[in-house]
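**Student:** Got a structure for you, written out below as structure tokens; questions coming shortly.
The values are calculated or read from the model by the stated rules, or taken from the named source; none is laboratory data. Just so it is clear, the structure is predicted and the values come from calculations on it, not from any experiment. Every residue, glycine among them, receives a Cβ derived from its backbone with ideal geometry; neighbour counts consider all protein chains shown.
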């Protein structure tokens, strides 16, 4: 028997035990600390604990908090502990709702308990600390749907009860710690003592559960709330109140009752209204001649830019689109990453002096020949495209560095408007299982990469951590620099994405490291009912990723 031992997907060693041994025992002969392992994944498929003993050849991946999958397991485990603490102190009547990510944590509210206070927040935090100190076991259970339904009815979890009643599954996986039960898509840690590093910060009308982050995987102090992003989330939450949807089951109900078409039109109208507001406000500022658009991958920035251009024209401005990609420096001079690969996402991959020179000339009313970058040869060439700004012209530039002042350092702040675009999903599966914004963006990207770029789902999934790392470095630190923020998420979009993503994710081979992530996304999509593409307007942001957009890409 051969054990292919890995740590966070990286090959560690081959071990050949003579007889079956528990994984904890196998690790004792290695330099891997069992205390650092959150879960073990067998052959990219099955999650087990340290007591599991392989009886045949197996690939055993030791997942730690340093792996993206381990990070999510750690976060879900902390939410489980938070739920247990709230249940013990407040009982079953108040509802803890994990609403959305913010900074290095998640924003939560407790409903049905009167006014939420800083004192209550401190009591919940202390109870969590006590639960962690007790190092209580977290037991994974496979229960029949009827057994789970009875447990969660007693516990007052009407959100899970609603999902179970609408489900066709005969059994479900739940987690238990003492008398407290909960349900999560991902595995949890084996005991509460593992999740030691966290913080709870009071933030009216709720609080923020903070997670370890950064290279050191620690909760940074002090906490800095991204005010503009938080307000955008709060605004979107008001939209959801207007639309009367918060969980996937609410969208499914609209689909069942054939009310989904009107819902889609209302939500698209809210998008258009916000884009029109941004355009109208920009036009009132006579000095503003440069609009910079930035945001993370698969946020719909391209469609947003096109729709903004239309609204600017409706406000009697004439937009000129200038591509940042044409300002790359020659490939031979491009900065490199630690592994030697070209770092095209670095701001220094752009010819900043030349870009600022041309923008300055344009804003001064001078005539400029725009560059053209030849990506085959890796060098800039002449375009013979000469432009001059007229009084009613506005330049639009879209790129990952748009909010970084270093990109346009020569241009006065009064002459530019910076817009942050991101798909900030707030639709949940239930009160404790949120649909992460990154999951929605990943689903969008899997579909678009397959349809327009020829990449398979495993290729997109395997590259995703690198994409996320680039966002953490080049986009998120500058999001509060934005003058305007636009949430490109569409509450109904999972119903559209489902049919496109399902066949791509179902085809991911068990032998690939992307299999586990594909199965997790399929488990998420299993809660969603299909919505016909024909109901989606042709200028919708979601059509940038599926098909049929009125805009050319």
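**Student:** Evaluate the following for residue 411: is it within 20 Å of residue 305 (Cα to Cα) and not in a helix (DSSP H, G or I)?
**Tutor:** Answer is no for this residue.
**Student:** I need the full set of residues from segment 255-279 which are loosely packed, with under 14 Cβ neighbours inside 10 Å and within 19 Å of residue 305 (Cα to Cα), in order please.
**Tutor:** Residues satisfying the conditions are 269, 273, 277.
**Student:** Go through segment 86-177 and tell me which helices (runs of 4 or more DSSP H), entirely inside it, have 1 or more residues that are farther than 30 Å from residue 203 by Cβ.
**Tutor:** So the answer is 145-154, 158-165.
**Student:** Mind listing just one residue for me: the one in segment 13-46 that is part of a strand (DSSP E or B) and in contact (Cβ under 8 Å) with a residue 12 or more places away in the chain and, of those, surrounded by the fewest Cβ atoms within 10 Å (Cβ to Cβ)?
**Tutor:** Taking the candidates together, the pick is 14.
**Student:** Okay, moving on. Any residue that is surrounded by 14 or more Cβ atoms within 10 Å (Cβ to Cβ), in a helix (DSSP H, G or I), touching a helix residue (DSSP H, G or I) at 6+ places or on another chain (Cβ under 8 Å) and modelled with pLDDT of 95 or more - is there at least one of those in segment 356-371?
**Tutor:** There is at least one residue in segment 356-371 that is surrounded by 14 or more Cβ atoms within 10 Å (Cβ to Cβ), in a helix (DSSP H, G or I), touching a helix residue (DSSP H, G or I) at 6+ places or on another chain (Cβ under 8 Å) and modelled with pLDDT of 95 or more.
**Student:** Tell me, yes or no, whether segment 67-78 has at least one residue that is assigned to a strand (DSSP E or B) and either in the same structural domain as residue 157 (by TED's automatic domain parsing) or surrounded by 23 or more Cβ atoms within 10 Å (Cβ to Cβ) (or both).
**Tutor:** no
**Student:** Quickly run through segment 47-66 and pick out the residues that are surrounded by fewer than 20 Cβ atoms within 10 Å (Cβ to Cβ) and within 17 Å of residue 1 (Cβ to Cβ).
**Tutor:** Result: 48, 52, 53, 55, 56, 57, 58, 59.
**Student:** Do we find a residue being under 19 Å from residue 425 (Cα atoms) and assigned to a loop (DSSP other than H, G, I, E, B) anywhere in segment 497-513?
**Tutor:** Among the residues of segment 497-513, not one is under 19 Å from residue 425 (Cα atoms) and assigned to a loop (DSSP other than H, G, I, E, B), which makes the answer no.
**Student:** Output the number of the condition that residue 393 fails; it satisfies all remaining conditions of (1) surrounded by fewer than 16 Cβ atoms within 10 Å (Cβ to Cβ); (2) within 22 Å of residue 472 (Cβ to Cβ); (3) touching a residue at least 24 places away in the same chain (Cβ under 8 Å).
**Tutor:** (2)
**Student:** Sticking with this structure for a sec: Quick one: residue 517 ticks every box in (1) at pLDDT below 95; (2) crowded, with 17+ Cβ neighbours inside 10 Å; (3) over 17 Å from the mean Cα position of the chain (by Cα); (4) assigned to a helix (DSSP H, G or I) except a single one, so which number is it?
**Tutor:** Just one mismatch for residue 517, condition (3).
**Student:** May I ask you to say which residue of 387, 461, 446, 419 is crowded, with 19+ Cβ neighbours inside 10 Å and touching a strand residue (DSSP E or B) at 6+ places or on another chain (Cβ under 8 Å)?
**Tutor:** 419
**Student:** Just to be sure before I move on: is residue 477 part of a helix (DSSP H, G or I) and surrounded by 17 or more Cβ atoms within 10 Å (Cβ to Cβ) in the structure I sent?
**Tutor:** On the way: part of a helix (DSSP H, G or I): yes; surrounded by 17 or more Cβ atoms within 10 Å (Cβ to Cβ): no.
Answer is no for this residue.
**Student:** Out of everything in segment 332-355 that is at pLDDT 90 or above, within 31 Å of the chain's Cα centre (by Cα) and not in a loop (DSSP other than H, G, I, E, B), what residue ends up being surrounded by the fewest Cβ atoms within 10 Å (Cβ to Cβ)?
**Tutor:** Checked segment 332-355; the qualifying residue surrounded by the fewest Cβ atoms within 10 Å (Cβ to Cβ) is 348.
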